[in-house]
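Colleague: Sending over a structure as C-alpha cells; questions will come in a sec.
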Amino acid sequence: MTLYLVPTPLGNLEDATARGLRVLREARAVYCEDTRRTRGLLAHFDIHTPTMRYDEHDGRGLEKILERLRSGEDLALVSDSGTPVLSDPGLRLVAAARAAGVRVESLPGPSAVAAAVAGSGFPADSFVFLGFLPRSAGKRKRLLLEAAALGRTVALYESPFRVVELLETMIEAFGSETRVALARELSKLHEEWITGTAAQALEHLKNKKEILGEFVVVFSPPPPPSPARGEGE
C-alpha cells in the first residue's frame, strides 16, 4: 500500500520521467485535480489507469482513498502540472496517509518554482517560496516584507491578471530598482523570461496588449539600510 506523488510536465511532455510514467501505469488509480486534463496526459503515453478526482475539502472522499490504501492498493496523486502539494491539492491526503502509517513516495520531477529559481540568476542555496499570495493588497505587501526581511531570494506564483499589481506593490515596498526575474509559461512553446528591475518588468508588461500564462516571480530583496553612525554603540 503506497501513495505515490507523481510530478507531471509543466507543458513540455518530454519532461515526464520514466519512473513517473511507470508508476502511473502500474497504480490502481490516479487521483487528480481535473480528470479530463489527466486523461489527456495518460492517453498521450498510452496509459489506461482509471482517473478519479481528488477534492482537498471532501472529507468523505479522503477517507475512501485511505480505505483503498489500507486495503493494500497502490495509488497515485498528480496535480494538473508540476509537483503535487506545492501550491496544489494533496496536503491533507499526504498528512492523513502518514498518520495512518501508509507508505508515501514523493517522486522527483517537474517543478515550476525549482526551474524558475535555478534560472533566475539569484542565489538558490536558500530561498523563500510563498506560493500564491492572498488577494488582499495589505496582506500581499505584509507577506512580501516579511519574506524579504529574511535576506534570501523570494519566489512566488502569480496569475496574469494580478502580476502588474504585484510589481506595483513590490516597487512600493522595495523600490523600483529591485531586481526581478519573471518566468512565464515555463517549458511551453511561448516560454518567456523578463529580467531586470521591477520598474523595467512593469513597463514591459504594461506595453503588452494581453498578458497570458501563469508566472513564477523571483526577486532578490534589497539589503536592509545600514544603521546610522553611533546607533547601537
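Colleague: Restricting segment 31-55 to residues that are of a type in the set (A, V, I, L, M) and out of contact with any helix residue (DSSP H, G or I) (no Cβ under 6 Å at 6 or more places or on another chain), which is nearest to L3 (Cα to Cα)?
Modeller: M52
Colleague: Could you tell me how many of the residues in segment 1-34 are surrounded by fewer than 18 Cβ atoms within 10 Å (Cβ to Cβ), under 22 Å from R70 (Cα atoms) and aliphatic (A, V, I, L, M)?
Modeller: The number of residues fulfilling the criteria is 2.
Colleague: For L66, indicate whether it is without any contact (Cβ under 8 Å) to a residue 40 or more places away in the chain and of a type in the set (A, V, I, L, M, F, W, C).
Modeller: yes
Colleague: Among the numbered conditions (1) crowded, with 16+ Cβ neighbours inside 10 Å; (2) in contact (Cβ under 8 Å) with a residue 40 or more places away in the chain, tell me where K188 comes up short.
Modeller: All conditions pass for K188, except number (1).
Colleague: Could I ask something else about it? If a residue counts only when it is among the acidic types (D, E) and modelled with pLDDT of 95 or more, which helices (runs of 4 or more DSSP H) contained entirely in segment 1-115 have at least 1 such residues?
Modeller: Here the list reads 18-26, 59-70.
Colleague: Here is a follow-up. Could you check R60 against (1) more than 30 Å from K188 (Cα to Cα); (2) in contact with a Pro (Cβ under 6 Å, 6 or more places away or on another chain) and say which number it fails?
Modeller: Exception for R60: condition (2).
Colleague: Right, another one. Taking the conditions exactly as written (over 28 Å from E191 (Cβ atoms), touching a Phe, Trp or Tyr at 6+ places or on another chain (Cβ under 6 Å) and of a type in the set (D, E)), does E105 satisfy them or not?
Modeller: Judged against the criteria, E105 is a match.
Colleague: OK, next. When V78 is evaluated against the numbered criteria (1) over 22 Å from the mean Cα position of the chain (by Cα); (2) on the phi < 0 side of the Ramachandran plot, which criterion, by number, is the only one it fails?
Modeller: Condition (1) is where V78 drops out.
Colleague: Just to be sure before I move on: is A114 crowded, with 16+ Cβ neighbours inside 10 Å, free of Cβ contacts under 8 Å to residues at least 12 places away in the same chain and in contact with a Ser or Thr (Cβ under 9 Å, 6 or more places away or on another chain) in the structure I sent?
Modeller: Taking the combined requirement at face value, the residue satisfies it.
Colleague: OK, next. Could you tell me whether T178 is touching a Gly at 6+ places or on another chain (Cβ under 8 Å) and hydroxyl-bearing (S, T, Y)?
Modeller: The answer is no for T178.
Colleague: Could you check how many residues of segment 79-105 are touching a Pro at 6+ places or on another chain (Cβ under 6 Å) and not hydroxyl-bearing (S, T, Y)?
Modeller: Matching residues across segment 79-105 total 2.
Colleague: I'm checking my understanding of the structure. Among residues of segment 1-25 that are within 19 Å of the chain's Cα centre (by Cα) and among the small types (G, A, S), which one is nearest to V104 (Cα to Cα)?
Modeller: G20
The values are calculated or read from the model by the stated rules, or taken from the named source; none is laboratory data. Because the structure is predicted, anything quoted here is derived from the model rather than measured. Please note: Cβ atoms are built from the backbone with ideal geometry, for glycine as well, and neighbour counts cover all protein chains shown.
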